[in-house]
Amino acid sequence: MSFAAIKVNVSIGQPFVIAGNVFAVDTHIENLHSDEIEVVSLIYHIPYQMCWIYEQQYAEEYKRRKGSWFRSKFTTVSSCWKAAVSLPGMEMMYGNSNLAADGSQGTVMKILSGEAGSYSFKGVVPRWLFLTGGQLSFPGKIVYRFEGKEHSSIFKVELTLRPPLLANTIGAVVGSIIGCGAKRLKEDGGTFLQGLSLQFVATTALASILSTIAVIYSSRRTGDSQPILTVEDFWGGFLVGFTIGYVGNQTFQKFLPINEKSS
């Protein structure tokens, strides 16, 4: 039987990863050998966009914050993982550094023939504001012992990565402000720089609100109503905001069509 007779499946338990949010990477190991295997280590070659979280430090930080009445009111998952996150791109290894009696490396789990084992760790993509979505792929390696000899098998981890809705929204607000400013500069020329009128502030505020609504609407599109633009990241939101701010609020109808009924 081939010494690659193990099956490794990696999943995240959700359709895609949202940057800035903690997610779990679950590794399922199935033993297809005719006898028991001993898993020595699991190694994940984390890409530079991603970090993994030290579980013990995370638990200690969460416990410390919950121990204080004041801090517990502001304790969130994000505030705890920031205190326990690894360096970007740092290799993640799950293994036993203790040596067995024969001098070989210790094992972290034993899997009988035809059975399976699993391991899970938490990860996060910390930089999210200017992130563009796409596929994140990196290799992993399992080292295991079968019939007294160590062997290794390579597997791949694939994640679909998306920026959070907050990044799209910030882009829309920034774009609407710049769009309104560009429109006023075009219409008024140099006099625009002499001061900001209340009308300009109100127009910019309205454009920011409408741009935010358009971004949220485009992210929750349905089969009955499809927007002309799909907003995927900060720059998509920026484009929506700039267009509404520069061309005018009537452009909002193009992103969010409203069916008007005559009375």
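The values are calculated or read from the model by the stated rules, or taken from the named source; none is laboratory data. As the structure is a computational prediction, the values presented were derived from the model and not from experiment. Quick reminder, even Gly has a Cβ in these numbers, built from the backbone with ideal geometry, and neighbours come from all protein chains shown.
Residue-by-condition table, conditions (1) over 24 Å from residue 136 (Cα atoms); (2) modelled with pLDDT under 90; (3) in the same structural domain as residue 143 (by TED's automatic domain parsing):
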site	(1), (2), (3)
46	no, no, yes
59	yes, yes, no
97	yes, yes, yes
101	yes, yes, yes
112	yes, no, yes
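With respect to the conditions (1) more than 20 Å from residue 53 (Cβ to Cβ); (2) outside any strand (DSSP E or B); (3) under 15 Å from the mean Cα position of the chain (by Cα), residue 113 falls short on a single one, namely (3).
Just so you know, in region 152-170 the residues that are polar (S, T, N, Q) and in a helix (DSSP H, G or I) include one that is surrounded by the fewest Cβ atoms within 10 Å (Cβ to Cβ), and it is 169. Taking strands (runs of 3 or more DSSP E) as the structural unit, those lying wholly within region 4-52 and holding at least 3 residues that are closer than 27 Å to residue 164 by Cα and in contact (Cβ under 8 Å) with a residue 24 or more places away in the chain correspond to 23-31.
Within region 141-179, being among the aromatic types (Phe, Trp, Tyr) and touching a Gly at 6+ places or on another chain (Cβ under 7 Å) holds for one residue alone: 155.
Conditions (1) touching a Ser or Thr at 6+ places or on another chain (Cβ under 8 Å); (2) at pLDDT below 90; (3) assigned by TED's automatic domain parsing to the domain that holds residue 169; (4) within 17 Å of residue 25 (Cβ to Cβ), marked per residue:
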residue: 65; (1), (2), (3), (4): yes, yes, no, no
residue: 79; (1), (2), (3), (4): no, yes, no, no
residue: 92; (1), (2), (3), (4): yes, no, no, yes
residue: 123; (1), (2), (3), (4): no, no, no, yes
residue: 131; (1), (2), (3), (4): no, yes, no, no
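The residues of region 105-151 that are among the small types (Gly, Ala, Ser), surrounded by fewer than 18 Cβ atoms within 10 Å (Cβ to Cβ) and more than 19 Å from residue 33 (Cβ to Cβ), listed by number, are 106, 120, 133, 134, 137.
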